[in-house]
Structure formats: C-alpha cells, structure tokens
Amino acid sequence: MATLVREKIDSSGGNLPLVVDVDISQEFLKRAEQASLSDKCCSVPSLSEVLGFFVTPEIGLAYSSPEVIGSAPAHIQRLCEYKLLSPDMERMYFEQLAYCLYFGSQLAGQSGMERELESLSSQYLTLIEVLTRSNTRMILSIIKPFGRQGWDFDELLSLGTESLLESVHKFDVFLGYRFSTYFHTVFKRRVYRYMDTEKTRNQRYIRYEHFDSCELQGASRIASPDLVCDAIDKLLSLLDDRESYIIERRFGINKQKKLSLKQIADQMELSKERVRQLEQRALRKLSKQAEMINLQDDMTFALA
C-alpha cells in the first residue's frame, strides 16, 4: 500500500511541491503495510483524534534514579532511566500505536495525505521509543538469575533488547493483558531456547575437541566445526564395531582418550599390525564416503 507514498517521497518532480518537506519513516510504512486491527477492538477513534493525541519521548522519565544504580555501568543506568508506565498509560499508548499503524495502512495508498502520514509516522516513532524505554528495566529483572548461573550477561541483554522491540510490535493490547505478562513469557521462552542451543553446541565441541584444536592451530580449511561434527556422526555409523572402536580411541572422539596402536592392540587382544590394518581400512571407508559428500579434504585434515 505504501508504494505510492514511497514514490512521492523519492520523486524530485516539480509537480509534487508539498512532498518536499515530508519526512515519513520507512519503518512506519513497512509496518503499516502489514497492519490490521485486532478483532478484539470494539471501536476505532477518528483520524483527527489519533492525530491530536499528545505524546513526547520524555513521558516516563524518572525524576531520579535509585542510588544503587549510580555505580552501575552507563548502559545499565540507561536501562533504568525510565519508570514503568501505569496500566492505564500503557494501554493508552499501545492502543494509539495500533491506531497509528491502522490509519497508516489506510492512507498510504491515497494521494494528498502525505502530511497526515508524516504526523502518524512521527507519533509512531515516539510511541515505540516510550514503550521500549519504559520497559527495558524488565529485561534486567528477567536475566538477573541467569547471570548468577554463569550465562553471559551482555549476550542475554542483547537478546532481551531484540525481544523487547519485537514484543512491542506483536503485543495485542485489546486482549486485556498487561504487556509485562506477555513480555516475560516471550523473553523467558527465548532465553531457554538460547540456553538449549548453547548447551548443545558446547557439548558437541567438547565431544569433538580434537577437531576444534586443529582449527585453532591454523586449520583454516575447516570452515565450520558443526559441519565436520555432523559429517563425523554420519560417517562413523558406516563402520563396524571394531573399526569404530579403533577410530574413536585413535583420534579422541566421543570423549575417548587418544591411544596408540599398541595400547589399542592390548585392549582388543590383537596384534599391533592387525589394529593398523583395521585403522587404515576404516580411514579408507571414511575417505571414500567423505569424497562423495565433498568433505574429503576437511576430513583428511581433521583426522591427520
């Protein structure tokens, strides 16, 4: 719907003199294109009422920050600079945000409505700013216990900032819930997914630490440890029990201690030469299969 408006904004033709000074956020136009009011919305105010709504970025600014915040890093102080909105103010601002996007979607395809769109765009940006800054303190309260468990605070903080902005755009105020309830659920779910992903990655890297150490020693040919790990899991399943036993202990796979041919031969009650033959046969199988999936060079280097 906003195609016409974008063309007007980008145009330098002399037949559109009123568009020259118009400043409409592209983010607002993008959001407005996808906007629709909740089916729980009972009534919609007039366009003039929405345009006349008064909001400034200073709303919610704390008169003074708690003393305990004074010694915190600057970025933490900024997070706590704004107070939480009252339930009534929160609902009012989220409703106005929805109305701005709704009328933006209605006006974006109409000629001669650039000034109204500019006003809606400005109000949209201000509402987003107020709603995000007044709720950033919640991020700290949610990630605090996870920080005590040893998780990276800055990583969780970045995750919280992204989640907050997404939640502000997706929150349906007409359902009657508080934003804090919605955001706590969304953000905690995202934190747990992040933790599960990190645990899985760490477990895999520990399992294949030999290959990680090869990469640290300048193995630029192994572009992705995850790719190598996936390949090894698949390739080892092609070996028989004896071959798999030997390969895992020769190269320290699956948290096995790296052993010499003699040590493996003693464990398996075979000759050292027979173990060497089985090892070479297993490596030929791995190399042949790796070649078929274009991983021969990486696997050869990793198992060197």
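Below is a table of values for the structure above.
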| read-out | value |
| --- | --- |
| Residue in segment 198-210 that is of a type in the set (A, V, I, L, M, F, W, C), loosely packed, with under 12 Cβ neighbours inside 10 Å and modelled with pLDDT under 85 present | yes |
| Tabulated pairs, segment 233-248, first under 20 Å from LEU259 (Cα atoms), second in a loop (DSSP other than H, G, I, E, B), C-beta under 7 angstrom, 6+ apart or interchain | ILE247/LEU239; GLU248/GLN256 |
| In segment 181-196, the residues that are loosely packed, with under 15 Cβ neighbours inside 10 Å and in contact (Cβ under 8 Å) with a residue 24 or more places away in the chain | LYS188, MET195 |
| Unique residue being at pLDDT below 90 and within 18 Å of MET138 (Cα to Cα) when the list is GLU58, GLU81 | GLU81 |
| Residue check for SER134: over 20 Å from VAL22 (Cα atoms) and of a type in the set (Ser, Thr, Tyr) | yes |
| Yes/no for SER111 being of a type in the set (S, T, N, Q), touching a Ser or Thr at 6+ places or on another chain (Cβ under 9 Å), in the same structural domain as PHE53 (by TED's automatic domain parsing) and surrounded by fewer than 22 Cβ atoms within 10 Å (Cβ to Cβ) | no |
| Flag for THR136 being touching a Leu at 6+ places or on another chain (Cβ under 8 Å) and of a type in the set (Ser, Thr, Tyr) | yes |
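The values are calculated or read from the model by the stated rules, or taken from the named source; none is laboratory data. All values reported here derive from a predicted model rather than from experimental measurement. FYI the Cβ positions are ideal-geometry reconstructions off the backbone, even for glycines, and counts take in every protein chain you see.
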